[in-house]
Amino acid sequence: MTPVTLALVATFAPAVAALLLLIVFPLRHKGAPAAWICLLGSVVSLGAALKLLVDRLGGAGDTRVTAPWIMENGRAMAEMGVLIDGVSLPMLVIVGVVALCVQLFSVAYMHDEAPRAFGRYFTLHALFLFSMNVVVISPNLLQLFAGWELVGLTSYLLIGFYFAKPSAAKAAVKAFWMTKLADMGFLFGLLVLYVFTGGFEWTSQPTTLVATWVTALLFVAVIGKSAQFPLHIWLPDAMEGPTPVSALLHAATMVAAGVFLVVRADPLFALAPGTREVMLWIGSVTALFAACLALVQSDIKKVLAYSTASQLGYMVAALGAGNAFAGFFHLGTHAFFKALLFLAAGSVIHAVHSNSLEDMGGLRKKLPLTTVAFGIGALSLAGFPGFAGFFSKDLVLTSLEGKGNWIPWTMLMGSAFLTAFYMGRVLIKAFGGELSEKSAHAHEGGPAMTGPLVILAIPALASGFLGGWIGTQMHHAHELHFLALTPVVASSMSLIGLTAAWFVFRNGGKAPFAGTLERLDAFSLVDKTWAAGYQVGLLGISGIAGWIDRYLVDGLMNFGAWSTLEGGESARRLQTGRVRDYALMVVAGVVVLALIGVLR
Amino acid sequence: MSSQIGFGLVAAIILVSALFVVRSKNLIHAVLWLAVTLIGTAALYAQLNAPFLAGVQVLTYVGGVVTLMVFGVMVTRRHGGAEAPAESDSDEKGFIFATALFVVLALAIWKSPVPLPVQAPIATTNQLAHALLDDYLIAFEALSLLLLAAIVGAVVLARRRDPDPVSGEEAGAAAPTRSTTEVVP
Amino acid sequence: MTLTGCITLAAALLCIGIYGLVTRKQAVAMLLSVELMANSANILFAAFAHFRGGASAQVFVLFALAITVAEVAVGLALVMLIYRRHGDTTLDLASEAKQ
């Protein structure tokens, strides 16, 4: 099979599965068959992606095939097609692996659901995988936008999976309109790009001004999609979805789409130093701010959610520093270890039936495998030397050296410490210490649950060593000097953070300032205030827009209707039905006509 | 010169009586004033060298139409009721429009070039008869048909018995109620 | 006596007729006004017959007379009908044209 066929198979196998489930609804309503069909689609998709990877290792080059799309005056306005290169191929594999693991995990995690809901869940999963792959293989920004919107829609449906629950429905709507608001930036960016370059290629070479506009507008979409400050507030709410959904959406795919877009459009961003500067700062602020927030959460999923925002901040900062490879590499490793963390957390929640860290404790005795998996993920996230996160995070930090008077570097070092600290906290509180009441009856899920954990633990542990290969695929000289300033400081931060967590929380949080720390809701307060202000502002704007619509636009319409009615009413009054009045009108007409005749 | 005076006199009679026709509160008076107008017109015809027309005018109009009108007024007069006011709310409007029309027409007449009088021989009744029954025979016959239709129509309309709006019974039930269209053989 | 004079007379008579038609409420009175207007047309015919010659114009006056008579006959029949229907000949009552 040609690379194009393989890529199309990888993309459309889930689509076929989703279509089958949508049309042949008895399969969907039955539940279990839907899961198998969805898994089959994912396996085929991943298989095709792996075959591409093998070919690539065998020396195959980039492939780019496009077909004209949207014909206008005999000329194609845009193209659609397939692009397989050093960025899309690793991404395709990452997405495939994570999605398959998540789906496998879901089979066990969701087994309590009603068959119909179960079937709907897997239909949506298949649809989501298709959408994400459309994004990944896009050869230009327009197709990427199409996939981007599909991803937005399916993630909305997945977050709102428990739509009967008001909070879940609200969270889904929030995520939807937040990202949709930001997507306006994408759309306008595309328009600007098309107007000035006549195409949707990221390889086009517009002037610096145009490039700055385009990239700034695209970055607005990235802020929304990748939950960067100040549009990050939808991400924690999105935890209302089932935990595997969180693993899928907030690890490898949906939120990563924003970073992926920047990596893709890197040639354009390279022309816009101003936009990169902004990205650098926003990424750093997000990383630090979200890490602070993660520190004070008592819900295990929210800790992970904020840590996702924080890690995305790292990626964005790296991209802002001009090192697309570092951002992409961190995206890859993060995808694995964050998916692993979420699935492990799902396993814990499944066992304990609670999201709260307070209800957990001593789980290492009951859930040894989950403990190991979570530990690997946490250490990787904390950047413990040798784990996947260590390499990518060091690369990100190295690329920041000297940028912005070292301030972003310092902020990210601070968040590296905080990351280690809050992951240590979760590890100790959930798995260390004595068995809590609720943990007493916990037990591991079946192989469908532990299997994905094992599979994901491998890349979470080892994918850091693939950095060199990905670097060469992206034509980036990747060299990591482990005895340079940044790796040493970063490793120290990681170790200090973990050690500090150990000292603070080791005796069930009996250390003098542990409780104080946990009650330190200041950051949450900031976040809540911000969210409230944001809401007020948005409601205000909506109010004004609504007023304009109601009174100006509708008013115009209503005036038209009213004048017609009034005109009809007055015309009706002319029709008295009295012969004399008609005669009067006839005379009036005659007078006018005669006058015209005379005066001419 | 005498013709000028005669025309002025006749015109004055016609216009003044016409004004009385439209202003009289009593309908019978109005009809009688109409008779005066029509007689004045007949006099005008005579002045215009159309004696036959003048005769016909007196015979049909004054003799026929005015009589018919008097009958109409008598038949439809309210029983014991006072005469309904002839004026109405559209009095001023009617005056304005009528005056405006007259002004416009006068303007038109004043602006139009007056064709030169042609010294034609006076059309005798003999010529008139020839014109009527030779040149315009078809129109004449059509007119006779029209008159017949009008008479039949008038009879049908006048004889139709509409249900009484109050009682719902047919008005004048004592008379044999048979429409002309329902002739029983 | 001039053509212009005759035409002006006819115009004046027409306008008086229109005034009556518009202001009168009684159906019979309106018929009278219509008679005035018809008469003004006849005067025009007769005047042009006199000043321009020819018998045709006079023939048309005869035709017009006949038509007027027919109109009066039908009109009066309608007035009778309206009277029977409404107990009055005020045409304002007969405003079925409105519905």
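Odds and ends about this structure:
- Candidate set: region A:112-156, residues that are hydroxyl-bearing (S, T, Y) and in contact (Cβ under 8 Å) with a residue 60 or more places away in the chain; chosen: the one nearest to A:D85 (Cα to Cα): A:S138
- Any hit, region C:50-71, residues being more than 7 Å from every other protein chain (Cβ to nearest Cβ), in contact with a Ser or Thr (Cβ under 6 Å, 6 or more places away or on another chain) and at pLDDT below 85: no
- A:T371 meets the stated requirement of being surrounded by fewer than 24 Cβ atoms within 10 Å (Cβ to Cβ) and either touching a Pro at 6+ places or on another chain (Cβ under 9 Å) or hydroxyl-bearing (S, T, Y) (or both).
- Of the helices (runs of 4 or more DSSP H) lying entirely inside region A:1-82, the ones with 2 or more residues being modelled with pLDDT of 80 or more are found at A:3-23, A:32-57.
- Test for B:V70: is it within 19 Å of C:V72 (Cβ to Cβ), at the interface with another protein chain (Cβ under 7 Å from one of its Cβ atoms) and assigned to a helix (DSSP H, G or I): no
- Candidates A:G361, A:G313, A:G332, filtered to the one that is outside any helix (DSSP H, G or I) and touching a residue at least 60 places away in the same chain (Cβ under 8 Å): A:G361
- Total residues in region A:364-404, condition assigned to a loop (DSSP other than H, G, I, E, B) and more than 27 Å from the chain's Cα centre (by Cα): 5
- Identity of the residue in region A:295-323, among the aliphatic types (A, V, I, L, M) and over 18 Å from the mean Cα position of the chain (by Cα), that ends up farthest from A:I470 (Cα to Cα): A:V296
- Listed by first and then second residue, the pairs with beta-carbon distance under 6 Å, at least 6 apart or on different chains, first residue in region C:2-22 and within 26 Å of B:K25 (Cβ to Cβ) and at the interface with chain B (Cβ under 7 Å from one of its Cβ atoms), second in a helix (DSSP H, G or I) and among the hydroxyl-bearing types (S, T, Y), are C:L13/C:S40; C:G20/C:S33.
- Test: residue in region B:109-125 that is of a type in the set (G, A, S), assigned to a helix (DSSP H, G or I), touching a helix residue (DSSP H, G or I) at 6+ places or on another chain (Cβ under 7 Å) and at the interface with chain C (Cβ under 7 Å from one of its Cβ atoms): no
The values are calculated or read from the model by the stated rules, or taken from the named source; none is laboratory data. What you are looking at is a predicted structure, and each value in this text was computed from that prediction instead of being measured. Positions of Cβ are generated from backbone atoms using ideal geometry, with glycine treated the same way; all protein chains shown enter the neighbour counts.
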